[in-house]
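The values are calculated or read from the model by the stated rules, or taken from the named source; none is laboratory data. All values derive from a computational prediction rather than experimental measurement. Glycine gets a Cβ as well: all are built from the backbone with ideal geometry, and neighbour counts include every protein chain shown.
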């Protein structure tokens, strides 16, 4: 019912948005003799503001065109190199720009496992851009459950692990895996099983960033909510049915807009202030300030749906029953044994101010993987950053990335 109401609201707003678009075009038109009058500027700003808060944000583009490696500039072309119903594997192919015909040395292969927790993989655009300086980058681009027909079947936590393992095998030996936030536990499980099976494609290194490996450590508001509510509450209150005419109609999902509402409520005052500043930038004609706001929120407000089974299993196994740190995590019927990981180097990265995955939750991977040699382990806590600051932004590029880059280089075979 809730999903249908949201879709009906969007449909009802369509005529108002069309009228608002026409009014905004005229109010800002340089041929309008009143365009520079204060009241008209405020009306134009209100028109832009209305458009921003009522828009249905679709999947963003990658918008990565160039990268520079060893002084050579390359044209970047995102392309799908592996595909299944629930995930595309995107590789960022590079072509030298200009007169340079020299063949660059092979770069370390890095798989970035993007979170499946409400936002699209493009949320990691800054991570990808930074990594492209020194690496051959792949990233998981997970599907929006509302766009996957029921005929494609279920997609649960076990399927997620299976996809990760298949992707690592597709990329081949000497791959380095970067798991950002949510993927930490399933990625560790996949690598543990590859290690136990003596798979030749077992990664050379794994980096976990802000991941709930053990959500019992320094519990945040998000962790407490997951523990305090009974499992049945999540099933009754967070799961909704995708309505027609979506391709995934009748699929039971945890809607992205519900996840987004939860995230925004955690920092409500910050978002309100940001939108107030956005309106002021519009009135003042501060194009740069308004553009930065739009760029951030075009990405932040674009959300996808998770399948019911994936979401509920994640709540139960990761946040309520803590299967991985307690040694009872299973892939289908198989017990996952992280102690078999001996050849994959481990780096954990946390943010001092992280309010989603608290200090210690990611570091727990070191205890769970006791047989990795000490020389192949490292940990970093970045001062002055929250959850997003450990994988994107200025401090990530200046302080966190160099540590990850050097760690990968050290363990590249």
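Would you confirm whether or not segment 206-225 contains a residue that is at pLDDT below 95, part of a loop (DSSP other than H, G, I, E, B) and in contact with a strand residue (DSSP E or B) (Cβ under 9 Å, 6 or more places away or on another chain)?
no
Which of (1) touching a strand residue (DSSP E or B) at 6+ places or on another chain (Cβ under 9 Å); (2) at pLDDT 95 or above is the odd one out, the single condition residue 367 does not satisfy?
Here residue 367 meets the rest and fails (1).
Look at residue 138 and say whether it is assigned by TED's automatic domain parsing to the domain that holds residue 388, within 22 Å of the chain's Cα centre (by Cα) and in a strand (DSSP E or B).
Criteria met by residue 138.
Which pairs turn up if I take residues in segment 380-403 that are outside the structural domain of residue 351 (by TED's automatic domain parsing) and look for partners that are modelled with pLDDT of 95 or more with beta carbon separation below 9 Å, at least 6 apart in sequence or on another chain?
Every condition considered, no pair remains.
Could you tell me how many of the residues in segment 129-142 are touching a strand residue (DSSP E or B) at 6+ places or on another chain (Cβ under 6 Å) and under 20 Å from residue 59 (Cα atoms)?
Total satisfying the criteria: 5.
Scan segment 54-90 for residues that are part of a strand (DSSP E or B) and within 18 Å of the chain's Cα centre (by Cα) and jot them down.
Those that are part of a strand (DSSP E or B) and within 18 Å of the chain's Cα centre (by Cα): 78, 80, 87, 88, 89, 90.
What is the one condition in (1) surrounded by fewer than 21 Cβ atoms within 10 Å (Cβ to Cβ); (2) part of a loop (DSSP other than H, G, I, E, B) that residue 155 does not satisfy?
Failing condition for residue 155: (1).
Restricted to segment 300-322, and to residues that are part of a loop (DSSP other than H, G, I, E, B) and in contact (Cβ under 8 Å) with a residue 24 or more places away in the chain, which residue is farthest from residue 161 (Cα to Cα)?
Selected residue: 301.
Could you tell me whether segment 226-249 includes any residue that is outside the structural domain of residue 5 (by TED's automatic domain parsing), under 21 Å from residue 388 (Cα atoms) and modelled with pLDDT of 85 or more?
Checked segment 226-249: at least one residue is outside the structural domain of residue 5 (by TED's automatic domain parsing), under 21 Å from residue 388 (Cα atoms) and modelled with pLDDT of 85 or more.
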